[in-house]
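The values are calculated or read from the model by the stated rules, or taken from the named source; none is laboratory data. Since this is a predicted model, take the numbers as computed values, not measurements. Ideal geometry is used to build each Cβ from the backbone, glycine not excepted, and the neighbour counts take in all protein chains shown.
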């Protein structure tokens, strides 16, 4: 008697389904906070919409480049865009949150103004 090939075919599909449903998602989603200084704001004519369009399309290009990687998969997400519309406000903040006279400053107050 010949073995039933139909059952074997369906069994392999069922096993593949269970393996894929148990697989771990290996996609990494880094979030980018874009900070645009006054010169970048001025370069686009002082128009917030133009600045946002430029940086969203730029980071979309970066995301497309990272999609070419085989593993792990990387999808870039923009967490927010901070635009400095006043000259030299962002220059006062250093990496440790102090200004040039070594006084502590709240970077959140500077960035939101």
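Sort out which residues of the stretch 70-86 are exposed (fewer than 10 other Cβ atoms within 10 Å of the Cβ) and part of a loop (DSSP other than H, G, I, E, B), and write them in order of number.
Passing the criteria: 70, 71, 72.
If I ask for residues that are closer than 25 Å to residue 39 by Cα and either in contact with a helix residue (DSSP H, G or I) (Cβ under 8 Å, 6 or more places away or on another chain) or modelled with pLDDT under 95 (or both), which ones from the stretch 51-75 would you list?
51
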